[in-house]
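I have placed the structure first, in the form of C-alpha cells, so that the comments after it can refer back to it.
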Amino acid sequence: MTTFVQLTVTGLANGAILALAALGFALIYKATGVINFAQGAFLLVGAYTIFAAVGFGLHWSLAVAVAVVIAVLLGMLIERLVLRPMIGESPVAVIMVTIGLASVLQGIVQVFFGTRPQRMPVFIPTGGAQLAGATVPTERLFAIVLAAVVLGAFSLFFTRSRHGIAMRAVADDQQAALTMGISVRRVFAMAWALAAVSAVLGGLLVANITGVSGEVAGFGLIVFPVVILGGLDSIPGTMVGGAIIGLLVQYTAGYLDGALSQVVPYIVLVLILMVRPYGLFGEVRIERV
Amino acid sequence: MAATATGIYHRSYRSELALRHTQAEYARLTLAAAVVVAVPFVATPYWQTVANQIGIAVVGAIGLNILTGYTGQISLGQGGFLAVGAYTSAILVERLGAPTLVGVVAAILMTAAVGAFFGLPALRLKGLYLAIATLASQFIILYAVRNWEFVTGGVQALVVGTPTLFGFELNTDFRWYWVILACAAAATVAGTNLFRTGLGRAFMAIRDQDIAAEAVGVNTVTYKVLAFAVSSGFVGLAGALTAHWTTIVTWERFTLDVSILYLAMIIVGGLGSVSGSIYGAVFMIVVPAWITQVAQDLRGQLSFLARELPAIQLGVFGLIIILFLIFEPRGLARIWHRMKDYVRLWPFRY
C-alpha cells in the first residue's frame, strides 16, 4: 500500500511536470500548426536561466521573473527568425527546423554552462510529508500544486481574456480570425512566447528533481506520448495525458521492470496512433490515407 | 554538342532514357571517379576513417531519401533500422558462424522486413503523426536491443571479427575503403535506376498526391510498405557495414541523434535526389570532422575552442539545418544545379 501511494504521488508529480511541458507543445500546435521538437530544449533553457539568475545572487522570485522575461523574448525571436520563413513548407521541413533549433539551443547552453550536472538552488520546500502511511517528498507535492495552478491559469486565460480568445479563434480558422481584426502574426508570436514561459516553469520543476543538466532536455521527448494520448490540440488533454503517462511509467517501474518503464510511453503512443490518432480530447480532423 | 546549343534535344528514345546526356556529364563523372580513387592514397589516417564513414553514410542516406525524399514518408527511426542491420549481421557471423556475405545479405533482408513492419502506421498516418510514430519505433527497437540480452548481448558491446574478402583480411581503413566504395557505388546506381522503374515512379506519385496516385491505379497500401522495405534494405546494408568495419557493435551508435543526422544529410543534400544524398552525406560528415581538426590544430592558442568542441559541433549542426531549410530547402543538389545553369547560360540570366 505504501509503495502504491508513493508510486502514485511520484507518478502524478511527473505527470504534472509532463503536462506543463506538453502545454507549451499543445499551445504551439494549436495556434500555429507546428510540431515543436525543441520543447525539451526550451525546458533546458528555462532551467539554466533560473540557475544562472540565482547564481548572480538574485532572490528566487526575481530569478523566475527574469527567466520568464527572457523566455518571452526568446520565444518571440524564434518565431520571427526561424518559424515565420517556414510558413507553408511541408511538415518534414517544419519538423526538421525545430529539431535544428533544439540542437542550436542545446549547443548554446552547453557552451555557457558545460555538461557537468549542477544542483538546482533549493527554494522549493524539501522534506517529507506523511500521506496514507507513506512518506512522500514535499517537492513532488509542490510540483503537483504548481502545475495545477499554472494549468488553471492558462485555462482561465483561454476562456476569459481577449488574447486567449483571439488565440483560440486563430487556431480555429486563420482567415476568419483575420477578418475579425485579429493579428495572426501577434498570436503566433504570443503562442511561442507562452510556450517558452510554460517551459520555464516545467524546466524549473524538472531540474529541481533531476538536477540542472542536459538530461532536462530528454524530458521533452516523453512529451510526445502525452500530447498524442491527450490530443495534440487539447489543453485538458495535456493534463489527463500527463497524469496517465506519469502514473503508467511509475507503476511499470515499481511493479514490473525499470527498463520497460522507459519504453512504455512509446508503446502506448503507437497503440493510440493505431486506434485513435486524434487522442482522447483532440479534435477529430486527422487526414485518412 | 556545339557550344552555342541552348538546350538538350533528344532525337531518339534511347538518348532520352540515358542516365547521362552530355559530354560534360561524362567528364564530370570521370573527374569524380578519379578523385574518389585518389582519396585513400593521399588522405591522412584520420581522413581515411572519415572517408569510410562517408561511404557508409552515403548508403544510409540514399536509403532514407528513397523513403523521405521520394515517397514523402518522414522517418525518425533510421537509427533503429541501422541497429537492426548491424546486429543481424554481427550476430549471424559471430554467434552462428555464418560467412560475412551471408550475414550482410541477411541484414539487408531482415532490416527490410523490420522496416516494413514499422512502416505499417504509415498506412493510416501522414506527416507529423508519422514522424511521431517512427520516433516511437526508434525507442522500441533500441529498447529491444538493450534488453533482449541473450540475443544482442544487451548493453555490452558485441565484438565482431575482421572478415576476409578475396584472400585479403579487411583490417585496415585502406582496404575497407574499397569495399565501402563498392557498396556506395552500387547503392547509387541502384537508387538512380530505381526511379526509372514503375516502382520508383509509384513512390513519387504517392509523395506528390497520394489520392491522385490511387486514382491512377497505384496501390498506396502496397507501395508505402514497399517504400519502407526498400529504403530499410539500404539502411540495413549501411548498418551491416558499420558493424563489420568498426568490429564493435553497441546500441550507443544508433540513438535518435543518428536518425536526426541522417535526416539532416538528406535535407542539406536535397530531398528527392540521389546525388543530393551523396552531397549531404559528404557535407554532414566532413564539416564536423573538419571542425574537430581545426579545434585540434588551434588547441595551443585557443584552448576554449577545444574544450567546448562538442557544444560547438551541436550548435553548428543545428544552425546548418536551419539555414538550409530557410534559404535553400532543396539543398546542395539545387545549388549545384544553379551553378551549372549559370555557367551554361552565361552571359544570359535564363
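The values are calculated or read from the model by the stated rules, or taken from the named source; none is laboratory data. Just so it is clear, the structure is predicted and the values come from calculations on it, not from any experiment. Ideal geometry is used to build each Cβ from the backbone, glycine not excepted, and the neighbour counts take in all protein chains shown.
Among the helices (runs of 4 or more DSSP H) contained in the stretch A:170-219, which hold 3 or more residues that are farther than 22 Å from A:A153 by Cα and modelled with pLDDT of 85 or more?
A:174-179
Which residue is nearest to the chain's Cα centre (by Cα), if the candidates are limited to the stretch A:34-70 and must be within 24 Å of B:L325 (Cα to Cα), among the small types (G, A, S) and part of a helix (DSSP H, G or I)?
A:G40
Looking at (1) surrounded by 15 or more Cβ atoms within 10 Å (Cβ to Cβ); (2) within 13 Å of chain A (Cβ to nearest Cβ), which one does B:E149 not meet, given that it meets all the others?
It fails just one condition, (1).
Among (1) within 24 Å of B:A106 (Cβ to Cβ); (2) under 19 Å from the mean Cα position of the chain (by Cα), where does B:I248 come up short?
(2)
From the set of residues in the stretch A:209-230 that are out of contact with any Pro (no Cβ under 9 Å at 6 or more places or on another chain) and buried (at least 24 other Cβ atoms within 10 Å of the Cβ), which is farthest from A:I70 (Cα to Cα)?
So the residue we want is A:V227.
For A:T32, state whether it is in contact with a helix residue (DSSP H, G or I) (Cβ under 9 Å, 6 or more places away or on another chain), surrounded by 21 or more Cβ atoms within 10 Å (Cβ to Cβ) and at pLDDT below 85.
Here the answer is yes, as A:T32 does meet what is asked.
Within the stretch B:327-344, which residues are more than 14 Å from chain A (Cβ to nearest Cβ), farther than 30 Å from A:V109 by Cβ and in contact (Cβ under 8 Å) with a residue 12 or more places away in the chain?
B:A333, B:W336
Among the residues in the stretch B:206-213, are any in contact (Cβ under 8 Å) with a residue 40 or more places away in the chain and closer than 16 Å to B:P163 by Cα?
no
Is it fair to say B:I312 is part of a helix (DSSP H, G or I) and either over 30 Å from B:V160 (Cα atoms) or in contact with an Asp or Glu (Cβ under 9 Å, 6 or more places away or on another chain) (or both)?
For B:I312, the condition - part of a helix (DSSP H, G or I) and either over 30 Å from B:V160 (Cα atoms) or in contact with an Asp or Glu (Cβ under 9 Å, 6 or more places away or on another chain) (or both) - is met.
Can you name the number of the only condition in (1) over 27 Å from B:I74 (Cβ atoms); (2) surrounded by 20 or more Cβ atoms within 10 Å (Cβ to Cβ) that B:G272 fails?
(1)
Here is a yes/no grid of residues against (1) more than 30 Å from B:G161 (Cα to Cα); (2) within 14 Å of another protein chain (Cβ to nearest Cβ); (3) buried (at least 18 other Cβ atoms within 10 Å of the Cβ):
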| position | (1), (2), (3) |
| --- | --- |
| B:L199 | yes, no, no |
| B:A202 | yes, no, yes |
| B:V216 | yes, no, no |
| B:K224 | yes, yes, yes |
| B:W245 | no, no, yes |
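From (1) closer than 17 Å to A:V111 by Cα; (2) more than 8 Å from chain A (Cβ to nearest Cβ), pick out the condition that doesn't hold for B:P310.
Among (1) closer than 17 Å to A:V111 by Cα; (2) more than 8 Å from chain A (Cβ to nearest Cβ), B:P310 violates only (2).
Which one is nearest to the other protein chains (Cβ to nearest Cβ) among residues in the stretch A:49-64 that are closer than 17 Å to A:V197 by Cα and exposed (fewer than 14 other Cβ atoms within 10 Å of the Cβ)?
Result: A:L62.
Quick grid of which residues meet (1) under 16 Å from B:I266 (Cα atoms); (2) of a type in the set (A, V, I, L, M):
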{"site": "B:V294", "(1), (2)": "no, yes"}
{"site": "B:L298", "(1), (2)": "no, yes"}
{"site": "B:I312", "(1), (2)": "no, yes"}
{"site": "B:V316", "(1), (2)": "no, yes"}
{"site": "B:L319", "(1), (2)": "yes, yes"}
{"site": "B:L325", "(1), (2)": "yes, yes"}
{"site": "B:L332", "(1), (2)": "yes, yes"}
{"site": "B:W336", "(1), (2)": "yes, no"}
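Only one of (1) outside any helix (DSSP H, G or I); (2) within 24 Å of A:G231 (Cα to Cα) fails for A:G11. Which number is that?
It is condition (1) that A:G11 fails.
For the stretch A:66-118, which positions are among the small types (G, A, S), surrounded by 18 or more Cβ atoms within 10 Å (Cβ to Cβ) and more than 8 Å from chain B (Cβ to nearest Cβ)?
Hits for the stretch A:66-118 are A:A67, A:A71, A:G75.
Going by what's in this entry, would B:F228 be described as surrounded by 24 or more Cβ atoms within 10 Å (Cβ to Cβ), away from chain A (no Cβ under 13 Å), within 19 Å of B:A131 (Cα to Cα) and not small (G, A, S)?
Taking the combined requirement at face value, the residue satisfies it.
Each row is one residue, and each column tells you yes or no for (1) surrounded by 24 or more Cβ atoms within 10 Å (Cβ to Cβ); (2) touching a residue at least 12 places away in the same chain (Cβ under 8 Å); (3) under 30 Å from B:D208 (Cα atoms).
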{"site": "B:L101", "(1), (2), (3)": "no, no, no"}
{"site": "B:V105", "(1), (2), (3)": "no, no, no"}
{"site": "B:F117", "(1), (2), (3)": "no, no, yes"}
{"site": "B:R124", "(1), (2), (3)": "no, no, yes"}
{"site": "B:G127", "(1), (2), (3)": "no, yes, yes"}
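Taking the stated definitions as given, is A:P236 in contact (Cβ under 8 Å) with a residue 24 or more places away in the chain and buried (at least 17 other Cβ atoms within 10 Å of the Cβ)? Talk me through it step by step, then tell me what you get.
Working: in contact (Cβ under 8 Å) with a residue 24 or more places away in the chain: yes; buried (at least 17 other Cβ atoms within 10 Å of the Cβ): no.
Against the criterion (in contact (Cβ under 8 Å) with a residue 24 or more places away in the chain and buried (at least 17 other Cβ atoms within 10 Å of the Cβ)), A:P236 does not qualify.
For the stretch B:129-146: of the residues being surrounded by fewer than 23 Cβ atoms within 10 Å (Cβ to Cβ) and free of Cβ contacts under 8 Å to residues at least 60 places away in the same chain, which is nearest to B:G72 (Cα to Cα)?
So, considering only residues that are surrounded by fewer than 23 Cβ atoms within 10 Å (Cβ to Cβ) and free of Cβ contacts under 8 Å to residues at least 60 places away in the same chain, the one nearest to B:G72 (Cα to Cα) is B:Y129.
Mind checking which residues of the stretch B:168-191 are surrounded by 15 or more Cβ atoms within 10 Å (Cβ to Cβ) and of a type in the set (S, T, Y)?
Of everything in the stretch B:168-191, those that are surrounded by 15 or more Cβ atoms within 10 Å (Cβ to Cβ) and of a type in the set (S, T, Y) turn out to be B:Y177, B:T188.
Within 11 Å of another protein chain (Cβ to nearest Cβ) and not basic (K, R): does that describe B:G315?
Criteria met by B:G315.
All but one of (1) more than 11 Å from chain A (Cβ to nearest Cβ); (2) aromatic (F, W, Y); (3) under 21 Å from A:A102 (Cβ atoms); (4) without any contact (Cβ under 8 Å) to a residue 60 or more places away in the chain hold for B:F324, so report the exception by its number.
Every listed condition holds for B:F324 apart from (1).
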